[in-house]
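Remarks on the structure that follows.
The values are calculated or read from the model by the stated rules, or taken from the named source; none is laboratory data. Nothing here was measured: the structure is a model prediction, and the numbers come from that model. No Cβ is skipped: glycine too gets one built from the backbone with ideal geometry, and neighbour counts run over all protein chains shown. Calculation scope for accessible area: heavy atoms of the full protein, side chains included, ligands and nucleic acids excluded. Shrake-Rupley method; radii C 1.70, N 1.55, O 1.52, S 1.80 Å.
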Amino acid sequence: MITCFIRYEIDPFKKEEFATYSRNWGEAIPRCGADLIGYFGPHEGSATTAYGVYNIENLAAYEAYRARLAADPLGRENYAFSRRERFILKEDRIFLKNVSSPHGGM
């Protein structure tokens, strides 16, 4: 299992648009085959940094998932929404694996 961390730089005056975008992915991403952990928007500190985080089996599964997401009606609509509204200024992805498992509870 690998985890994809997407770091967004967003327009601080369009945080609500980013929240809508995030909720849309909350429907489309699981439907297309990834285990969505969540989208995280600015709360305290930076007004321009946000994250999307999900798990996927491996990079081959990621490629198949991306194809399904691009073909998904809500996925296509969400990509178009972000281009039209221009609230995402920059986007970076990194794939990491959990190296602390197993770990104790709180």
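Some notes on this structure:
- Computed with a 1.4 Å probe on the full set of protein chains, the accessible area for SER101 sits at about 70 Å².
- Per-residue [θ]222 nm for the chain (sum of -39500 (n - 2.57) over DSSP H runs n ≥ 4, rounded to 500): -13500 deg cm²/dmol
- Hits among aspartates and glutamates - C-alpha to C-alpha of LYS14 under 14 Å, sequence gap 8 or more where chains match: GLU85
- Shown here for the range 1-83: GluC sites (Glu not before Pro) in loop regions (DSSP other than H, G, I, E, B) with at most 15 other Cβ atoms within 10 Å, namely GLU44, GLU57.
- Computed over the chain: relative contact order in percent, which uses C-alpha pairs under 8 Å that are six or more apart: 45 percent
- Average accessible surface for the chain: 64 Å² per residue, computed with a 1.4 Å probe over protein heavy atoms with every protein chain in place.
- Of the residues PHE18, ALA47, LEU69, the one whose Cα sits farthest toward the positive end of the charge dipole of the chain, with +1 on the Cβ of Lys and Arg and -1 on the Cβ of Asp and Glu, is LEU69.
- Given 13 as the ceiling on other Cβ atoms within 10 Å, longest exposed-site-free region of the chain for trypsin sites (Lys or Arg not before Pro) in DSSP loops: 1-85
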